[in-house]
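The values are calculated or read from the model by the stated rules, or taken from the named source; none is laboratory data. Computed from a predicted model, the values in this text were never measured in an experiment. Cβ placement follows ideal geometry from the backbone for every residue including glycine, while neighbour counts extend to all protein chains displayed. We work out accessible area using only protein heavy atoms, side chains counted, and drop any ligands, DNA or RNA first. Shrake-Rupley method; radii C 1.70, N 1.55, O 1.52, S 1.80 Å.
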Amino acid sequence: MTTTLHTPPVSTSGDKADARVVRRRLGPGRRIRFAFWIGPALALALWAVGSASGVIKPAILSAPWDVVIAFEDQWVNHDLLGNILSSLERSLIGLSIGVVTGAVLAVFSGLSRAGESLIDGPIQIKRSVPTLALIPLFIAWFGIGHEMKIITIALISMVPIYIHTHNGLRGIDGRYAELAETIGISRGEFVRHVVLPGALPGFLLGMRFAVTSSLLGLVVVEQYNAVAGIGHMITLAEQYGQTDVIVVGLVIYGVFGYCADSAVRLIARRVLSWRQTLEG
Amino acid sequence: MAADSGGLTTAAAVRVRNLHRSFNKDGGVLNGLDLDIAPGEFVALIGRSGTGKSTLLRALAGLDRDVAGHGRIEVPASVSVVFQDSRLLPWKRILDNVIFGLRGADAADRGRQALAEVGLAGRERAWPYQLSGGEQQRAALARSLVREPQLLLADEPFGALDALTRIRMHALLRKLCEAHRPAVLLVTHDVDEAIVLADRVILLDAGVVDTDVRVELTSRSRSDAGFAGLRTLLLDRLGVAADAG
Ligand SMILES: Nc1ncnc2c1ncn2[C@@H]1O[C@H](COP(=O)(O)OP(=O)(O)OP(=O)(O)O)[C@@H](O)[C@H]1O
Ligand SMILES: [Mg+2]
């Protein structure tokens, strides 16, 4: 019997030569630093250039520096911080209520056929009625105060959470449920260890929709008899024809929405690190 | 070498009587199957594709509630299943997968020990996708063994592994089973695997146990004369010419 031993080529030079065959990448590739900010910064630059060169007339859209001046004026003279805080408070309370109810309803209707027949239908019906069209009704029911605003925002943000969590839950591989059955765990443990983590990607997508929906709801509800809030500020500015103040409000909404969305995506990347996806 | 062991009646870990299962009205998959497995006995189940091996295993695991049929099944209180895919929860780290559903303060320690037994010490905090196919399957084995089951059901657990890893897994499984002594029912389509691993090989055909042989070999090496004889017998019953296998 002959044996041939192949000795591996010994690398004599200490250099780190690295010759490899690399396939063309079809996915999005490695993450870029500050990628979140590149798009918005570019948009801001375009806006500034457009205003400076006169392409964007002040009557159409105030220049960024005018907006900064208006911002300062609002901050100093009109309690802009108070407006921001009161808007934030409204959307946060509404959003939290909406997210919790949406998720709880999704788990109930996702895990039990009885729950599904009770919950799913009404939510689909509710979904086809625009929440904003319900406001007059809510005003009649809950008055024009704080309650009506919170309930509207909660309802608006509940729907995407429900839809996406439910969808994510039902998309969980049935084999994991089978495994859980053979291991002999309780329903509560099943929900905690299989259902919730499995539905988490869906929930987080719903969350991205929900944060922006809650801001959308904010814009509308604050037009009704608010004494504070960004929507209130915009409504006043509208009456006095102060375009720059309106743009201040819009920019604040934009920044809110963008930051909230980025935060959700960041959290999603952290908590979904068990996945090997193109997100990377 | 090979002896018939038709009626094993002493205290059995598994007792199946007159088991019927069918997926449609034309014909049953299992037609009055009887089977006994003694505590600590390692039984390999072979049979042609589609003869109902998985159906029997799922019946024993209690996973066939939607399948029509009747019959009597007695299994021990603690049964553990190893599936063909490792079925590790992708969102749990390896150790958490192994001790999933395990109660007690020492669960983590027992999990670590089980992982060490299957040669995965140090990989406790890895995500399932970071493990190779064989490592995932070993983690699944650890998850089953840490529960110290009285009955281990395995449906082609090494089906997706390469030949070399399979040989390693065979040795590991024998060693672990000798240490923990559960009754084992292992489904395989590989006659050699069945003979190497099992105390007894049963062959399923037409929904009943067609052949039931005890493996009594002095050594489990393929060069053993008894090995070849048993292999020929089983392949013959499977309708395959032995030299072709
Ligand atoms: N869920 C199902 N619905 C309908 N028929 C099924 C179902 N599961 C299995 N069968 C049928 O039952 C028969 C036995 O299937 P089973 O999976 O038990 O075979 P098997 O012996 O495990 O085969 P293999 O070696 O290929 O895994 C097959 O004819 C199969 O088509
Ligand atoms: Mg099968």
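What is the helix-to-structure angle for B:225-237, meaning the angle in degrees between its Cα long axis and the longest Cα principal axis of chain B, kept from 0 to 90 and rounded to the nearest 10?
Long axis of B:225-237 versus the principal axis of chain B: about 70 degrees.
Taking segment B:42-132 as the region of interest, what is the percent of Cα-Cα pairs per 10 angstrom bin, listed from the shortest bin to the one with the maximum distance?
13, 35, 29, 20, 3
What is the sum of charges around A:ASP173, taking Lys and Arg as +1, Asp and Glu as -1, for the other residues whose C-beta is under 15 Å from the C-beta of A:ASP173? Don't jump to the answer; show the numbers that get you there.
Details: positive: A:ARG170, A:ARG175, A:ARG275, B:ARG87, B:LYS92; negative: A:GLU178, A:GLU181, B:ASP85.
Counting the neighbours of A:ASP173, the net charge comes to +2.
Taking only Cα atoms and a 10 Å spring cutoff, compute GNM fluctuations for chain A and point out the largest among A:VAL264, A:VAL104, A:VAL227.
The residue with the greatest mean-square fluctuation here is A:VAL227.
Two-decimal Rg/Rh of segment B:86-147 from alpha-carbon positions, Kirkwood Rh? Provide the component values of the computation, followed by the final result.
On the way: Rg = 10.0 Å, Rh = 11.0 Å.
A ratio of 0.91.
Which of A:ALA106, A:TRP65, A:GLN239 sits closest to the plus end of the dipole of the protein assembly as shown, meaning its Cα is farthest towards the positive end, when Lys and Arg get +1 and Asp and Glu get -1 on the C-beta?
Of the candidates, A:TRP65 comes out farthest on the positive side.
What is the magnitude of the charge dipole of chain B about its Cα centre, with +1 placed on the Cβ of each Lys and Arg, -1 on the Cβ of each Asp and Glu, and no other charges, expressed in debye to the nearest 20?
Working: 31 positive and 31 negative charges, 156 e Å.
Taking the Cα centre of chain B as origin, the dipole is about 740 debye.
Have a look at B:GLY133, B:VAL240, A:TRP75 and report the one farthest towards the positive end of the charge dipole of the protein assembly as shown, computed about the Cα centre with Cβ charges (Lys/Arg +1, Asp/Glu -1).
Positive-end residue among those listed: B:GLY133.
With the full set of protein chains in place, find how many percent of the accessible area of segment A:167-276 is carbon and sulfur; take the probe as 1.4 Å.
Numbers: 3080 of 5260 Å².
The C+S portion of the solvent-accessible surface of segment A:167-276 is 58 percent.
Probe radius 1.4 Å, ligands and nucleic acids left out: which of A:LYS16, A:LYS57, B:LYS53 has the largest accessible area, and how do the rest follow? Present the calculation step by step, with values, prior to reporting the outcome.
On the way: A:LYS16 190, A:LYS57 115, B:LYS53 15 Å².
Ranked list, largest accessible area first: A:LYS16, A:LYS57, B:LYS53.
In µm²/s, what is D for segment A:62-271 at 20 °C and 1.002 mPa s, where D = kT/(6 pi eta Rh) by Stokes-Einstein and Rh is the Kirkwood radius from Cα pairs? Could the numbers behind the result be given before it?
Values: Rh = 18.8 Å.
For these conditions, the coefficient is 114 µm²/s.
Express in Å², to the nearest 10, the accessible area of A:SER86 obtained by rolling a 1.4 Å probe over the protein heavy atoms while all chains stay in place.
20 Å²
Can you compute the charge dipole magnitude of segment A:166-229 about its Cα centre, using +1 on each Lys and Arg Cβ and -1 on each Asp and Glu Cβ, nothing else charged? Give it in debye, rounded to the nearest 20.
Roughly 40 debye for segment A:166-229.
Spin-label point model (7 Å from Cα, Cβ direction): what's the A:LEU111 to A:CYS259 distance in nm?
Distance between the two pseudo-spin positions: 3.6 nm.
Could you give P(r) for segment A:42-127, binned at 10 Å from zero, as whole percent values over all Cα-Cα pairs?
Per 10 Å bin, starting at 0, the Cα pair percentages come out as 14, 22, 19, 17, 19, 9, 0.
Report, ordered by chain and residue number, the aspartates and glutamates lying within cross-link reach of B:LYS92, taken as a straight Cα distance under 16 Å and ignoring same-chain residues fewer than 8 apart.
Counting by Cα, and skipping residues close in sequence, B:LYS92 has these aspartates and glutamates nearby: A:ASP173, A:GLU189, B:GLU124, B:GLU135.
With a Förster radius of 41 Å, plug the Cβ-Cβ distance of A:ASN225 and A:VAL76 into 1/(1 + (r/R0)^6) and report the FRET value to the nearest 0.05. Intermediate results must be reported in sequence, preceding the final value.
On the way: r = 26 Å, r/R0 = 0.63.
For R0 = 41 Å, the calculated efficiency reads 0.95.
For chain B, what is the largest minus smallest coordinate of the Cα atoms on each principal axis, given in angstrom and ordered from greatest to least?
47, 44, 33
Which residue, A:ASP79, A:ASP244, A:ASP18, has the most motion in a Gaussian network model of chain A that connects Cα atoms within less than 10 Å?
A:ASP18
Assuming 1.002 mPa s and 20 °C, estimate D for segment B:159-245 with Stokes-Einstein, Rh taken as the Kirkwood radius over Cα pairs, in µm²/s. Let's see the in-between values first.
Numbers: Rh = 13.9 Å.
Reported coefficient: 154 µm²/s.
Could you please put B:CYS177, A:CYS259 in sequence from largest to smallest accessible area, using a 1.4 Å probe? Spell out each step's value before the answer.
Numbers: B:CYS177 10, A:CYS259 65 Å².
In descending accessible area the options line up as A:CYS259, B:CYS177.
Taking every Cα atom in the protein assembly as shown, find the radius of gyration and the maximum pairwise distance Dmax, and write them in Å.
32.8, 102
Got a number for carbon plus sulfur as a percent of segment B:1-150's accessible area, 1.4 Å probe? Walk me through the numbers before you get to the answer.
Numbers: 3080 of 6720 Å².
That fraction is 46 percent.
Would you grab the residues whose amide H sits under 5 Å from the one on B:PHE42? Only those 5+ places off in sequence or on another chain, please, with H modelled 1.01 Å from N.
B:VAL184, B:ASP199, B:ARG200
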